[in-house]
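Here the structure comes first, spelled out in structure tokens, and everything after it is commentary.
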Amino acid sequence: MNSVMIPVAGGDIFASFIGKGPMVLLLHGWACDQRMWQPQITLANAGFQVVMIDRRGFGRSTAPANMTLELDDITTVLDHFGVQRAHIIGMSQGGRVALRYAHAHPDKIDRLILQGAPIDGFPTSPQSDEAIPIDHYKDMIAAGEHQVFVDHWSVHPLLKFDMAYCGDMLRNMAMGYQGNDLLRGSVDNFSQNIFEALDTWTVPSLYLYGDHDTSWLKLVAKRFDETASHGRSQVVKDAGHFCNASQPNSFNQLVLSFLKGA
């Protein structure tokens with residue numbers, strides 16, 4: 001595994017990469033970093049170049065959190081590796097970024113894989129028990145109560161099922177999360193309705209979700225399957241929101257099948 005700091009607006013993006021072949025760019029979810037993709041390193045054995053980044057505001061990247069600028073970051077990463085197009089896998093909030101990028105730059109994506117990703121413009125919102133209490137978490141982190149945040153986050157419906165499978169990884173990432181996006185990040189002012197654009201979607205897309213993910217995200221996956229032109233969804237059995245880590249073999253098989261055109 002090699003690593004590099006890639007200059008972007010306001011700082012650097014930390015990237016790790018392995019393998020040769022078509023690029024697969026991995027975008028992690030909120031409060032995570034590229035370590036969540038360790039089970040996907042084996043995709044390099046199937047003839048792909050696997051590139052994992054810490055999104056701005058997370059992990060070892062020094063660029064300040066700004067979801068708008070993340071679209072430019074993706075293009076910069078592709079340019080750094082000298083590729084015009086790439087496959088992108090985006091998990092949760094990283095999937096939201098991937099969807100925005102696919103909408104803005106469909107010519108730069110070969111195939112798109114989403115994992116438990118919200119969709120901008122989706123007509124409903126999560127129920128209160130499934131929503132992320134961002135303001136509550138922000139107050140905990142601002143008060144220096146990081147362990148309290150980790151304890152609360154670890155039992156949230158987005159993590160609760162997978163903790164039995166990959167709890168150490170999830171806790172380690174939560175302990176490393178500093179809340180930079182909440183305390184010092186730019187407000188996300190994205191206003192485009194991605195959901196409405198799905199019926200004219202041109203990027204071949206696969207939405208993967210765990211059968212124990214939240215009820216709202218399972219609804220999002222179902223509607224994606226029904227709505228997205230050139231898109232479909234598929235369940236990962238015995239898995240939750242982090243199905244890539246709780247059931248890596250099943251997840252990777254579905255990914256490889258899709259990337260290879262099945």
Q) Of the conditions (1) under 24 Å from Lys260 (Cα atoms); (2) in contact with a Phe, Trp or Tyr (Cβ under 9 Å, 6 or more places away or on another chain); (3) part of a loop (DSSP other than H, G, I, E, B); (4) of a type in the set (S, T, N, Q), Thr62 fails just one. Which one is it? A) (1)
Q) Which is within 26 Å of Ala46 (Cβ to Cβ), of a type in the set (A, V, I, L, M), buried (at least 18 other Cβ atoms within 10 Å of the Cβ) and touching a Pro at 6+ places or on another chain (Cβ under 6 Å), of Val203, Val255, Val236? A) Val203
Q: Exactly one condition in (1) of a type in the set (S, T, N, Q); (2) within 16 Å of the chain's Cα centre (by Cα); (3) surrounded by fewer than 17 Cβ atoms within 10 Å (Cβ to Cβ) is not met by Asn66; state its number.
A: (3)
Q | Residues located in the stretch 84-105, provided they are of a type outside the set (Gly, Ala, Ser) and within 20 Å of Phe48 (Cα to Cα) | A | Gln84, Arg85, His87, Ile88, Ile89, Met91
Q.
If I go through the stretch 168-189 residue by residue, how many of them are over 14 Å from Phe149 (Cα atoms), of a type outside the set (S, T, N, Q), surrounded by 14 or more Cβ atoms within 10 Å (Cβ to Cβ) and over 17 Å from the mean Cα position of the chain (by Cα)?
A. 1
Q. Do we have any residue at all in the stretch 89-108 that's among the charged types (D, E, K, R), more than 24 Å from Pro39 (Cα to Cα), part of a loop (DSSP other than H, G, I, E, B) and in contact with a helix residue (DSSP H, G or I) (Cβ under 7 Å, 6 or more places away or on another chain)?
A. no
Q. Would it be correct to say that Ile134 is over 20 Å from Leu259 (Cα atoms), surrounded by fewer than 13 Cβ atoms within 10 Å (Cβ to Cβ) and out of contact with any strand residue (DSSP E or B) (no Cβ under 8 Å at 6 or more places or on another chain)?
A. yes
Q. Right, Ser125: out of contact with any Leu (no Cβ under 8 Å at 6 or more places or on another chain), in a loop (DSSP other than H, G, I, E, B), surrounded by fewer than 24 Cβ atoms within 10 Å (Cβ to Cβ) and not acidic (Asp, Glu) or not?
A. yes
Q) Taking the stretch 145-167 on its own, how many of its residues are in contact with a Leu (Cβ under 8 Å, 6 or more places away or on another chain) and surrounded by fewer than 19 Cβ atoms within 10 Å (Cβ to Cβ)? A) 2
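Let's see how each residue does on (1) β-branched (Val, Ile, Thr); (2) out of contact with any Asp or Glu (no Cβ under 6 Å at 6 or more places or on another chain):
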{"residue": "Leu43", "(1), (2)": "no, yes"}
{"residue": "Val51", "(1), (2)": "yes, yes"}
{"residue": "Phe58", "(1), (2)": "no, no"}
{"residue": "Pro64", "(1), (2)": "no, yes"}
{"residue": "Glu70", "(1), (2)": "no, yes"}
{"residue": "Thr75", "(1), (2)": "yes, yes"}
{"residue": "Asp79", "(1), (2)": "no, yes"}
{"residue": "Arg85", "(1), (2)": "no, no"}
{"residue": "Ile88", "(1), (2)": "yes, yes"}
Q: For the stretch 11-34, enumerate the residues that are touching a helix residue (DSSP H, G or I) at 6+ places or on another chain (Cβ under 7 Å) and assigned to a strand (DSSP E or B).
A: Ile13, Ala15, Ser16, Ile18, Val24, Leu25, Leu26, Leu27
Q.
Quick check on Leu198: is it farther than 26 Å from Gln247 by Cβ and crowded, with 20+ Cβ neighbours inside 10 Å?
A. yes
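Here's the yes/no breakdown for (1) more than 18 Å from Gln178 (Cβ to Cβ); (2) not aromatic (Phe, Trp, Tyr):
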| site | (1), (2) |
| --- | --- |
| Val97 | yes, yes |
| Tyr101 | yes, no |
| His105 | yes, yes |
| Phe122 | yes, no |
| Lys138 | no, yes |
| His152 | no, yes |
| Val155 | yes, yes |
Q) With respect to Ala104, is the statement that it is surrounded by 17 or more Cβ atoms within 10 Å (Cβ to Cβ), more than 15 Å from the chain's Cα centre (by Cα) and more than 21 Å from Lys222 (Cα to Cα) true? A) no
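No value in this document is a laboratory result; all are computed from the given coordinates. Quantities reported herein were computed from a predicted structural model and do not represent experimental measurements. Quick reminder, even Gly has a Cβ in these numbers, built from the backbone with ideal geometry, and neighbours come from all protein chains shown.
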